[in-house]
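Enquirer: Sharing a structure, written as structure tokens. Questions coming.
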Amino acid sequence: MDGQNVISPEVTARYAADAAREVSGVTRIVEGVRKGVRVGSDGVVELHLAFAWGTSLPAVAAEVQSRVTEYLARMADVSVPGVNVIVEELDGRP
């Protein structure tokens, strides 16, 4: 072992979803946690999210990336190589 913790992709996805939901402007995970959050074989986390209408998409996406990275490091002592945020839907559109 190289000193790096290894957790299952399912646990990583659950933690990533929890972290993303904490970000203001994120309204939900699209298609639920199993389909809306994927962890690739390379460890990159991909989140499919709905954002609130009128939020700054780049700012909220950047906050999601930061929050997910920090949450995984704190909760599981895991460093992910990347977090990709896909904005699937906007909620609350007038």
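Enquirer: Could you figure out which of (1) at pLDDT 95 or above; (2) closer than 16 Å to Glu10 by Cα; (3) touching an Asp or Glu at 6+ places or on another chain (Cβ under 6 Å) isn't true of Arg38?
Expert: (1)
Enquirer: Something else: When residues of the stretch 57-94 are filtered for being of a type in the set (Ser, Thr, Tyr) and out of contact with any helix residue (DSSP H, G or I) (no Cβ under 9 Å at 6 or more places or on another chain), how many remain? If you could, list the steps in order and put the result at the bottom.
Expert: Here is the first cut: in the stretch 57-94, the residues of a type in the set (Ser, Thr, Tyr) are 66, 69, 71, 79.
Retained after the next criterion (residues that are out of contact with any helix residue (DSSP H, G or I) (no Cβ under 9 Å at 6 or more places or on another chain)): 66.
Residues that pass the stated criteria total 1.
Enquirer: Name every residue in the stretch 58-72 that is over 15 Å from Val26 (Cα atoms) and surrounded by 13 or more Cβ atoms within 10 Å (Cβ to Cβ), in order of residue number.
Expert: Correct list: Thr69, Tyr71, Leu72.
Enquirer: Which condition number does Thr55 fail, the rest of (1) buried (at least 17 other Cβ atoms within 10 Å of the Cβ); (2) of a type in the set (Ser, Thr, Tyr); (3) assigned to a helix (DSSP H, G or I) being met?
Expert: Every condition holds for Thr55 apart from (3).
Enquirer: Ok, one more. Give me the pairs: first residue in the stretch 48-67 and over 23 Å from Ser79 (Cβ atoms), second residue among the charged types (D, E, K, R) and part of a strand (DSSP E or B), beta-carbon distance under 7 Å, and six or more apart or on different chains, which are they?
Expert: Ala50/Arg28; Ala50/Glu88; Ala50/Glu89; Ala50/Asp91; Ala52/Asp91; Trp53/Asp91
Enquirer: With respect to Val11, is the statement that it is over 21 Å from Arg93 (Cα atoms) and assigned to a helix (DSSP H, G or I) true?
Expert: yes
Residues are listed down the side, and each one gets a yes or a no for (1) under 15 Å from Ile7 (Cβ atoms); (2) within 9 Å of the chain's Cα centre (by Cα):
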{"position": "Glu22", "(1), (2)": "no, no"}
{"position": "Gly43", "(1), (2)": "yes, no"}
{"position": "Pro58", "(1), (2)": "no, no"}
{"position": "Val64", "(1), (2)": "no, yes"}
{"position": "Val78", "(1), (2)": "yes, no"}
{"position": "Val83", "(1), (2)": "no, yes"}
{"position": "Ile86", "(1), (2)": "no, no"}
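The values are calculated or read from the model by the stated rules, or taken from the named source; none is laboratory data. Only a predicted model underlies this, so the values are computations on that prediction, with no experimental measurement involved. Methodologically, a virtual Cβ is constructed for each residue, glycine included, from the backbone with ideal geometry; neighbour enumeration extends over all protein chains shown.
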